[in-house]
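S.K.: Quick one: structure below, then a few questions.
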Amino acid sequence: MKRLFKKNQKVVKGMPSAVVLSILIHAALFFLAGLLVVFTVVKKEEQKFVPPKAVERPKMKLRKPKVKVKKSAKPKPTTRIVTKVRRASMPDIQLPEMSGLGENLGGDLGGFDMMPDLDDVSVFGSGQSIGNDFVGTFYDLKRDRSGRNIPMDPDMQLEVVRKFIASGWKPSKLVRYYQSPRNLYATSFMIPPVMSSIAPPLFGEPETAGYLWVVHYTGQLVHKEDITFRFLGVADQLMAVRVGGKEVVACMWNPDNVARILPHWQSSSGDNLKHRLVNAFAATGDWISLKAGVPLDMEVILGEGNGGGFSAMLAVEVKGEEYEINQYGDTIFPMFKTTAPSLDQLDALMEYLVPDAIDPTNGPVFCDYDTSGQIAVGNPEPIDPPVFADSVKNEIRAWSIKEGKALEGEFVTLIGGKVTLKDAHGRVAKIPLDRFSEEDQKYIELARPPKFNIDFSKTSSQVIVETSTPYWEAEGRAGRTDHDYIFGARLKQVSAGEYNHELKVEFFAIGEEVSGDNYILLDRQKSCFTPTREHEWIHEFHGDPVRLTRQDFVSQNIGQKYGGYLVVVTDERGIIVDQGSSHKWLPGILGELRQLPVGKHFDKTGTRVFPPGRKRWY
């Protein structure tokens, strides 16, 4: 301490030592306090996030096409299907209930969520793989991989496809474009003339316009026996096929443009462009020889440029085979397929296919196992007819009476606590209810269900749906008006009395084809409830939205319309105790309606049938 004072003699001169010491101690304390305060403030200060300024994304300025556009951007028409396939009854298949009839072909946009389920079957493929199919990847060439708009027109699209093919079909050539995360799995390439706008929603892209897109399918080609065959194909706008690393067929709406995507290939067949497949003359491919059980890699690319109508159909011709000729002089070639088509696949196809233009069921199946008999024909098992309360009302049965002998007779009524029975000879006996066994008392309770007023309801709303989107009219898309229906049932109890048992109520909403005589199961719903003693008790329920479409398609009025309903109330025994129906024949096919997948077609016998198809337009 003395040394410190000596070093600061000028400062402390004449000042008492205690004062100087006090000043130094206080100065040190203030200094430490300041450090603590600064440290505490810095420690507690929170950073605030300041969002960056919004970046304006450049909008694509669409240019007019530099290529010769098809005379019509309207969708290619479809026709009524007439095949030699036997009309099939409902198979034992389980599908998720559809929220709209358009889903088999992709559904429509707007209004309620109409995205297809993963198990839906469409002409572009289904959402689930069966292991013997082609995996389809959808690319939107109007957007980059991040989803931002980029310049693109039909000329540029053809150049993209040309470079892709020239690279050896390397997916890396398409990686800069937007790729849908959802794949579809195809067992055939048979897409009759449809709206090009149905493809994006099927691949999970409902907001994507139906033009300037491509789909790349990859898989393997194999046959259980040695076979030599060739492909025949038509496409609007384009399709190309590669087998074993070699292009074997390519087709476009304008055959002269094939050289633009595949300059090193041309058909060597004298039958090229001589066989008509639905809406165009088919390009004939090269002969392909497969050894039994030896697979070859196979790839298919198809795409749409201008928008409007789209089609891509691939048939096969087996060397040495002869095929039927239709009434128009066209050869009916079999459809290329890797499995026998299911009824759902045939439904999706036959709604649009031209009669006798393609054989979808016969011909080779390209897999290494036997697929014969895979198409379900007939109901899988007999369907028990529905049992109505009136049919069991007068049944003669044995009754167990407490402290008495057994009786046989039919139940007539219960009044004032006494049960009236009538035997086979018409003799009547009145017995107190409490003298019957518990089983008999339950029978009597079930035989006296409450009565209802049954109402079937339907509400609809209009939805504008995109139908055709040529790329040069992106700001003025064409559309049609569809209707979303919500169906429901309302039961009002109109009788009193004790009934402590659960009832099941089901409703079936029925549609009709505008251009045919088929019926369609639009919706099926059920609900369970236990009635009360209240005279005004009400039970009601409804289903999800169902979309009905209707439009003119190449001068053909096609689509669906509301056709009627069936409502049934069933007790715990499975006996129908009440019903309401728009048609007298509907209750008789209740068993068939319970098994029929929603959205499928049937006739008045309850037999599942194919869609009516489209009329031939050429």
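Every read-out reported here was derived from the displayed coordinates using simple, explicitly stated rules and does not represent laboratory data. Keep in mind that what you see is a predicted model, and the values were worked out from it rather than measured. A quick note on method: Cβ atoms are made from the backbone with ideal geometry, for glycine too, and the neighbour counts reach across all protein chains shown.
S.K.: In the P(r) worked out for the range 390-444, what percent of Cα pairs fall beyond 18 Å?
M.R.: When every Cα pair of the range 390-444 is considered, 22 percent fall beyond 18 Å.
S.K.: May I pose another question? Full-extension gain between Ile538 and Glu439, please, as 0.36 nm times their residue separation minus the C-alpha to C-alpha distance. Working shown, then result.
M.R.: On the way: separation 99, 0.36 × 99 = 35.64 nm, distance 2.94 nm.
Stretched fully, the Ile538-Glu439 segment lengthens by 32.7 nm.
S.K.: Could I ask something else about it? Quick one: which of 336-349, 155-168 comes out on top by average Cβ neighbours within 10 Å, and what's the full order, highest first? Present the calculation step by step, with values, prior to reporting the outcome.
M.R.: Numbers: 336-349: 22.5, 155-168: 17.1.
Per-residue mean Cβ counts within 10 Å order the peptides as 336-349, 155-168.
S.K.: Show me 178-184, 133-139 ranked by packing, highest mean number of other Cβ atoms within 10 Å first.
M.R.: On the way: 178-184: 18.7, 133-139: 21.4.
Going by the mean number of other Cβ atoms within 10 Å, highest first, we get 133-139, 178-184.
S.K.: Moving on to the next point. Provide, in order from the shortest bin, the percent of all Cα-Cα pairs of the range 216-278 in each 10 Å bin, continuing until the bin that contains the maximum pair distance.
M.R.: Per 10 Å bin, starting at zero, the Cα-Cα P(r) for the range 216-278 comes out as 17, 52, 28, 3 percent.
S.K.: Take the range 291-361, compute every pairwise Cα distance, and split them into 10 Å bins from 0; I just need the percent in each bin.
M.R.: Pair shares across the bins are 14, 39, 37, 10, 0.
S.K.: Kindly give Rg over Rh for the range 246-317, based on alpha-carbon atoms, with the Kirkwood expression for the hydrodynamic radius. Please report the intermediate quantities before stating the final value.
M.R.: Values: Rg = 13.4 Å, Rh = 13.9 Å.
We get a ratio of 0.97 for the range 246-317.
S.K.: By how many nm would the segment from Glu207 to Val494 lengthen if fully extended, with 0.36 nm per residue of separation less the alpha-carbon distance?
M.R.: So the chain would gain 98.4 nm between Glu207 and Val494.
S.K.: What distance in nm lies between label points placed 7 Å from Cα along the C-beta direction at Ala166 and Ser457?
M.R.: With each label point 7 Å from Cα toward Cβ, the separation is 6.4 nm.
S.K.: In Å, what Kirkwood hydrodynamic radius results for the range 153-199 from the alpha-carbon pair distances?
M.R.: The Cα-based Kirkwood calculation yields 13.1 Å.
S.K.: May I pose another question? Please work out how much length the chain gains when fully extended from Thr481 to Ser129, using 0.36 nm per residue of separation minus the C-alpha to C-alpha distance, in nm with one decimal. If you can, show how the numbers build up before the last one.
M.R.: Working: separation 352, 0.36 × 352 = 126.72 nm, distance 3.42 nm.
Length gained, Thr481 through Ser129: 123.3 nm.
S.K.: Another question, then. Is the shape of the range 127-359 best called rounded, prolate or oblate, per the rule: a/c under 1.5 gives rounded, else a/b larger than b/c gives prolate, else oblate, with a ≥ b ≥ c the square roots of the Cα gyration tensor eigenvalues?
M.R.: Cα axes put the range 127-359 in the rounded bin.
S.K.: Can you pull the one-decimal nm distance between simple spin-label points at Asn394 and Tyr369, each 7 Å off the Cα toward Cβ?
M.R.: 5.6
S.K.: Expressed as a rounded percentage, what relative contact order does the range 128-233 have, with Cα pairs under 8 Å and six or more residues apart? Display every interim value, and only then the final one.
M.R.: Values: 131 pairs, mean separation 44.1, N = 106.
The normalised contact order for the range 128-233 reaches 42 percent.
S.K.: Something else: In what sequence, highest mean first, do 324-333, 539-548 appear when ranked by Cβ atoms within 10 angstrom?
M.R.: 539-548, 324-333
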